[in-house]
Amino acid sequence: MPRSSAAVTTVFASLTLGAVLAACSASRESADAAAGPGQCDASRADHLIGENLSGYLERQAQAESGAAEVRVLKPDDVVTMEFNPRRLNLYIDPGKVIIKVACG
């Protein structure tokens, strides 16, 4: 018995939607797993705002925030916009004074 094109389209659409939802679920689980050790908490490094950036201070900020990595952002730096919960961003002014601390 031949199937109508509407039935085939419905089945195909259902399978596609199922695959998309499964992929979204898997990526969320991997993101949650990645948010374990090395998770950034910028509030623990807020007290460094107003300090002059140095290698020592950068390492201190990383240790205090619990971040897995640090990114120093100067005025007019071009940066990627992806959010990384394991990265601490240190924003500095032209005089290398920390003006903002944020995760991402």
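The set of residues from region 50-62 being loosely packed, with under 12 Cβ neighbours inside 10 Å and either of a type in the set (Phe, Trp, Tyr) or in a helix (DSSP H, G or I) (or both) comprises Gly55, Tyr56, Arg59. Within region 63-91, the set of residues being part of a loop (DSSP other than H, G, I, E, B), more than 14 Å from the chain's Cα centre (by Cα) and at negative phi comprises Lys74, Pro75, Asp77, Val78. Leu15: assigned to a helix (DSSP H, G or I), on the phi < 0 side of the Ramachandran plot and modelled with pLDDT under 95, yes or no? Yes; evaluated as a whole, the condition is true for this residue.
The values are calculated or read from the model by the stated rules, or taken from the named source; none is laboratory data. It should be emphasised that the depicted structure is a prediction, and the values quoted were computed from it without experimental measurement. Note that each Cβ is placed from the backbone with ideal geometry, even for glycine, and that neighbours are counted across all protein chains shown.
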